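Undergrad: Here you go, one structure.
The values are calculated or read from the model by the stated rules, or taken from the named source; none is laboratory data. Small disclaimer: the values here were computed from a predicted structure and weren't measured. Cβ sites come from the backbone with ideal geometry, for glycine too, and all protein chains shown count toward neighbours. Accessible surface is based on the protein model in full, side chains and every heavy atom, while ligands, DNA and RNA are left aside. Shrake-Rupley method; radii C 1.70, N 1.55, O 1.52, S 1.80 Å.
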Amino acid sequence: EEITAHSSNVSSLVLGKSSGRLLVTGGDDCRVNIWSVNKPNCIMSLTGHTTPIESLQINTSEELIVAGSQSGSIRVWDLGAAKILRTLLGHKANICSLDFHPFGSFVASGSLDTNIKLWDVRRKGCVFRYKGHTEAVRCLRFSPDGKWLASAADDHTVKLWDLAAGKIMFEFTGHTGPVNIVEFHPNEYLLASGSSDRTVRFWDLEKFQVVSCIEEKANPVRCVLFNPDGCCLYGGFQDSLRVYGWEPERCFDVVLVNWGKVADLSICNSQLIGVAFAQNTVSSFVVDLSRVTKSDSVPHGLVRDDEPLVPPTPTGSSLRRIYDRPLTSCSKPQSRVKHNSESERRSPSSEDDRDEKESKAEIQNPEDYKEIFQPKNAICRTPPRNNEPFPAPPEDEPVAAKDAAKPSQAADVQTPLPPQELVRTVWPRPPIASSTPLSRAEPSVIPAARNEPIGLKASDFLPAVKNQSQTELVDEEAMSQIRKGHETMCVVLTSRHKNLDTVRAVWSTGDIKARNSVDSAVAINDLSVVVDLLNIVNQKASLWKLDLCTIILPQIEKLLQSKYESYVQTGCTSLKLILQRFLPLITDILAAPPSVGVDISREERLHKCKLCYKQLKNISNIVKSKSGLSGRHGSAFRELHLLMAVLE
């Protein structure tokens with residue numbers, strides 16, 4: 001199918017990977033248009049950018065869209081609410097690549113200014129900036145477990161970043177041209193990269209070495225996609241779809257598809273959907289994967305008839321244990337993450353507000369919009385309707401590769417072992433929230449914002465009415481009933497006020513730690529006092545010291561397990577502040593070699609770091625167990641789990 005997508009040239013497009021039906025296009029007319037692949041009418045048009053769209057991405061649930069423009073601005077839209085969610089400013093040149101984190105509310109962006117930035121969509125701020133590339137960053141991909149970020153750039157390199165440590169894990173070199181494609185294997189520690197030098201390389205992410213290299217003589221690959229079960233890699237070329245294996249390198253099948261500038265691939269219902277663009281039109285193509293060879297029979301193209309195949313590595317020799325690999329197997333980090341200054345992190349609120357007011361979502365096809373997006377916000381007890389596959393194309397003769405083996409010669413070719421026998425370490429998956437009730441009963445969470453006391457009703461304080469017709473009560477009788485619990489409540493509030501006065505008196509005499517104000521708050525053994533104190537301390541980061549962390553961390557462990565939402569929020573805020581300011585210091589001190597001689601101050605600092613590390617390890621188990629929760633709490637715990645990944 002072919003549609004006219006924009007009034008001017010199409011500059012970027014992307015397919016939704018979950019459904020395979022959602023198509024998003026960006027054009028030189030500064031608009032972002034949303035389509036259903038099997039329908040010719042535009043569903044929604046998003047405006048707000050003032051320069052042409054350079055890059056697009058859809059999140060896993062297909063609820064958010066992020067678009068980057070030539071000016072360096074990034075906008076995030078909520079499709080269900082049909083409105084702009086965030087405007088992110090910070091890059092100084094074109095946005096060349098974008099990707100959503102698979103689990104958290106984070107977006108990675110790569111730019112012509114050679115910088116990579118990690119954004120927190122909820123707080124519309126830049127979390128980290130990664131520097132290391134010397135030319136434009138053309139492609140970004142998060143690993144399936146969300147711990148790594150792969151980047152490909154015009155400087156002929158692919159870099160693998162450790163998000164928790166904020167540094168380069170390894171730099172892959174070998175391409176002789178700009179690298180514009182990078183893709184993680186869905187299950188194994190394997191990375192594929194494509195370059196304008198007409199090669200596709202496969203990299204082992206445990207041994208940090210090239211597994212194989214596929215070289216095509218005709219055209220460079222434009223996009224790649226692993227099969228969902230990881231058995232093969234699909235490569236989209238200007239005139240064909242090629243199916244590759246990598247141990248050893250071979251071409252399983254070639255399908256002639258004259259799609260031109262193919263930009264993205266997706267798989268749904270055993271069909272591969274590809275989209276391409278030319279000027280202001282977008283074309284979609286469908287390939288029936290049931291008629292495509294995805295495993296060894298007679299390899300095509302890359303294996304010559306007169307050359308016997310080298311048997312792949314025997315089963316078991318490819319076992320890789322990512323967590324046990326020696327430290328020497330990884331190259332020395334070449335650059336550390338650079339934390340942005342406060343002014344760089346904070347977007348100008350007035351400018352953001354103006355941009356968000358100017359940005360809008362125009363629903364041009366209400367019926368399709370309600371059908372596609374609205375059901376996501378409603379609770380329905382009936383199973384969701386599965387997408388019907390596209391009509392199958394007519395049967396035709398299979399297309400042979402250019403170097404396909406002849407029948408008489410193919411009999412002499414040794415058949416290699418099936419690639420399924422090669423075992424790799426699989427990506428660990430974080431816990432996913434499920435609607436199935438858990439076996440253990442979680443305490444009910446008491447919300448922070450409420451209009452009435454929890455567990456108290458006015459009827460509990462009033463005498464029972466014997467006669468239903470007698471609805472009026474004498475004032476004296478009603479007041480006497482209400483006063484029954486008044487004295488008890490006054491005692492509780494007076495005690496809390498006295499405790500806070502004690503802490504304030506100690507604080508006002510000098511330094512917060514030196515004068516033991518925090519110790520006094522903890523000694524009172526009242527979490528409400530600790531919460532009130534932390535709400536003040538969290539607003540001034542300069543008050544935090546390493547010895548203060550040793551006192552606060554045990555209290556944070558209690559707050560994270562509290563049934564009160566406000567307590568959990570305060571605990572998460574304090575823990576995030578400690579992780580950002582002190583975790584790199586703690587890990588560096590613990591990893592440092594022992595000093596020569598006696599250094600009392602260093603020994604004290606080492607003791608505090610060991611104590612903090614032990615407490616953080618205990619808290620990390622709580623954070624990990626709660627990272628599968630839904631809603632605001634789940635997002636906060638998943639963010640903390642990402643920051644604490646270095647402890648695992």
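Undergrad: Go through (1) in contact with a Ser or Thr (Cβ under 8 Å, 6 or more places away or on another chain); (2) under 22 Å from Thr502 (Cβ atoms); (3) touching a residue at least 40 places away in the same chain (Cβ under 8 Å) for Ile524 and report which single condition fails.
TA: Answer for Ile524: the failing condition is (3).
Undergrad: To continue, here is another question. Take the residues of the stretch 93-144 that are in a loop (DSSP other than H, G, I, E, B) and hydroxyl-bearing (Ser, Thr, Tyr): which is surrounded by the fewest Cβ atoms within 10 Å (Cβ to Cβ)?
TA: Thr134
Undergrad: Same structure, new question: Go through the stretch 246-267 residue by residue and tally those that are of a type in the set (A, V, I, L, M) and within 31 Å of the chain's Cα centre (by Cα).
TA: Residues that pass the stated criteria total 4.
Undergrad: Could you check the stretch 171-210 and list, in sequence order, the residues that are among the aromatic types (Phe, Trp, Tyr) and under 17 Å from Thr134 (Cβ atoms)?
TA: Phe172
Undergrad: So, one more: It is to be established whether one or more residues within the stretch 117-128 are out of contact with any Phe, Trp or Tyr (no Cβ under 8 Å at 6 or more places or on another chain), at pLDDT 90 or above and of a type outside the set (Phe, Trp, Tyr).
TA: Checked the stretch 117-128: no residue is out of contact with any Phe, Trp or Tyr (no Cβ under 8 Å at 6 or more places or on another chain), at pLDDT 90 or above and of a type outside the set (Phe, Trp, Tyr).
Undergrad: Still on this structure, please answer the following. Looking at (1) under 27 Å from Ile586 (Cβ atoms); (2) buried (at least 23 other Cβ atoms within 10 Å of the Cβ); (3) of a type in the set (D, E, K, R), which is the one condition that is false for Arg201?
TA: (1)
Undergrad: Which ones in the stretch 581-601 are aliphatic (A, V, I, L, M), open to solvent by 40 Å² or more (accessible area, probe 1.4 Å) and in a helix (DSSP H, G or I)?
TA: Leu585, Leu590, Ala591, Ile600, listed by residue number.
Undergrad: For Glu604, work out the one condition from (1) open to solvent by 60 Å² or more (accessible area, probe 1.4 Å); (2) among the acidic types (Asp, Glu); (3) closer than 23 Å to Ala541 by Cβ; (4) touching a residue at least 24 places away in the same chain (Cβ under 8 Å) it doesn't fulfil.
TA: Every listed condition holds for Glu604 apart from (4).
Undergrad: Another question, then. How about the stretch 23-66: which of its residues are part of a loop (DSSP other than H, G, I, E, B) and more than 15 Å from Ala5 (Cα to Cα)?
TA: Answer for the stretch 23-66, where residues must be part of a loop (DSSP other than H, G, I, E, B) and more than 15 Å from Ala5 (Cα to Cα): Gly48, His49, Thr50, Thr51, Asn59, Thr60, Ser61, Glu62, Glu63.
Undergrad: Of (1) in contact with a helix residue (DSSP H, G or I) (Cβ under 9 Å, 6 or more places away or on another chain); (2) modelled with pLDDT under 90; (3) charged (D, E, K, R), Arg75 satisfies all except one. Which?
TA: The single condition Arg75 does not satisfy is (2).
Undergrad: Please work out if Ser620 is modelled with pLDDT of 85 or more, in contact with a helix residue (DSSP H, G or I) (Cβ under 9 Å, 6 or more places away or on another chain) and among the polar types (S, T, N, Q).
TA: yes
Undergrad: So which residues in the stretch 234-268 are of a type in the set (S, T, N, Q) and in a loop (DSSP other than H, G, I, E, B), if there are any at all?
TA: Residues satisfying the conditions are Gln238, Asn258.
Undergrad: So, Val255, is that one over 21 Å from Gly16 (Cα atoms), at pLDDT 90 or above, open to solvent by 20 Å² or more (accessible area, probe 1.4 Å) and of a type in the set (A, V, I, L, M) or not?
TA: Yes, satisfied.
Undergrad: Also, quick follow-up: Can you give me the number of residues within the stretch 616-641 that are in a helix (DSSP H, G or I) and open to solvent by 30 Å² or more (accessible area, probe 1.4 Å)?
TA: So the answer is 11.
Undergrad: Taking Asn38 and the conditions (1) within 21 Å of Cys126 (Cβ to Cβ); (2) surrounded by fewer than 17 Cβ atoms within 10 Å (Cβ to Cβ), which numbered condition does it fall short on, given that it satisfies the others?
TA: (1)
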